[in-house]
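S.K.: Pasting a structure here, questions to come.
We did not get these values from a lab; they are worked out from the coordinates using the rules stated. These numbers come from a predicted model, not from an experiment. Backbone-built Cβ (ideal geometry, glycine too); neighbour counts: all protein chains shown.
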Amino acid sequence: MAQTEEVVAPLPSDTVAWNVRDSINMALAQTPSYCMWFDSRNSFISTAPVNVFGLRYGLSWGKISAYTGYYFTSFNQTNGGDSVQYKFSYLSSTYEYRLYKTHRFSLTGFAQLGGGIRTVNHLKNENIANQRQFFMPIEFGVYGSVRFLRYFGVGGGLGTRIALFPGGRNFSGPIYYLGFTAFPWTFYEDVRRKAKKHRVNLP
């Protein structure tokens, strides 16, 4: 007896081609939220460890974010019989793209471009005039976080900084993040949910 084989048509694929451009366009279609917080990172200048302090403000569309912030740092260096103080202050715009996110884990890539002034003060040798020079820092890297409590977690990241123009001397180098992180939006959502149960509507 002849046997026949049943030909089963393949099921249509439920996957859709996905790329960065699509995700950015979908994110920009949403209403952005406003964000402001401290943005500090650790680094090295002329092999000396420093902390670059920053405060930034901007918009977040969930998948992508754009911020503008002010950053500054300073360090002293002994050069022969002179003590030289270097001060770096600059404005910088940051663009972030969320590479991966779940409730517990997140990973974000960033690129940053700014411009500012390097001030060189000679503290002991008064015969050398102080200098003010323009520089342009370019920074990029990745950072992530792991949530171990509902509102708190640990975060870290790595990146590099390239400083252009004469004022950028000594400022190029690695940057890194390591410390605790908070999730204020989760806390706000919980408060708003409880307030709604008591017929109080929060924005």
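S.K.: Quick one: grab Rg to one decimal and Dmax as a whole number for the range 31-81, Cα atoms only, in Å.
M.R.: Using the Cα atoms of the range 31-81, the pair Rg, Dmax is 15.9, 58 Å.
S.K.: Below 17 Å, Cα to Cα, which lysines can LYS101 reach? Residues fewer than 8 away in the same chain don't count.
M.R.: Partners found: LYS63.
S.K.: Another question about this same structure. Amide H neighbours of LEU164 under 5 Å, counting only residues 5+ apart in sequence or on other chains, H built in-plane at 1.01 Å?
M.R.: MET136, ILE138
S.K.: On to the next question. Around SER60, under 11 Å between beta carbons, what's the net of Lys plus Arg minus Asp minus Glu among the other residues?
M.R.: +1
S.K.: What is the fewest-to-most order of SER46, SER172 by other Cβ atoms lying within 10 Å of their Cβ?
M.R.: Exposure proxy ranking, most exposed first: SER46, SER172.
S.K.: Can you figure out the FRET efficiency of CYS35 with ILE162, using R₀ = 22 Å and their beta-carbon distance, to the nearest 0.05?
M.R.: 0.25
S.K.: Taking the beta-carbon count within 10 Å as an exposure proxy, list ASP82, ASP39, ASP22 from fewest neighbours to most.
M.R.: Listing ASP82, ASP39, ASP22 from fewest to most nearby Cβ atoms yields ASP22, ASP82, ASP39.
S.K.: Over the chain, what is the relative contact order in whole percent, taking alpha-carbon pairs under 8 Å and six or more residues apart?
M.R.: Answer for the chain is 13 percent.
S.K.: Going by how many other beta carbons lie within 10 Å of each one, how would you line up PHE148, PHE75, PHE53, PHE171, fewest first?
M.R.: Fewest-to-most Cβ neighbours within 10 Å comes out as PHE148, PHE53, PHE75, PHE171.
S.K.: On to the next question. With a cut-off of 20 Å, note down the residues of the range 171-194 whose backbone N falls inside the zone around a label point 7 Å from the Cα of PHE105 toward its beta carbon.
M.R.: From the range 171-194, the list is 177-183.
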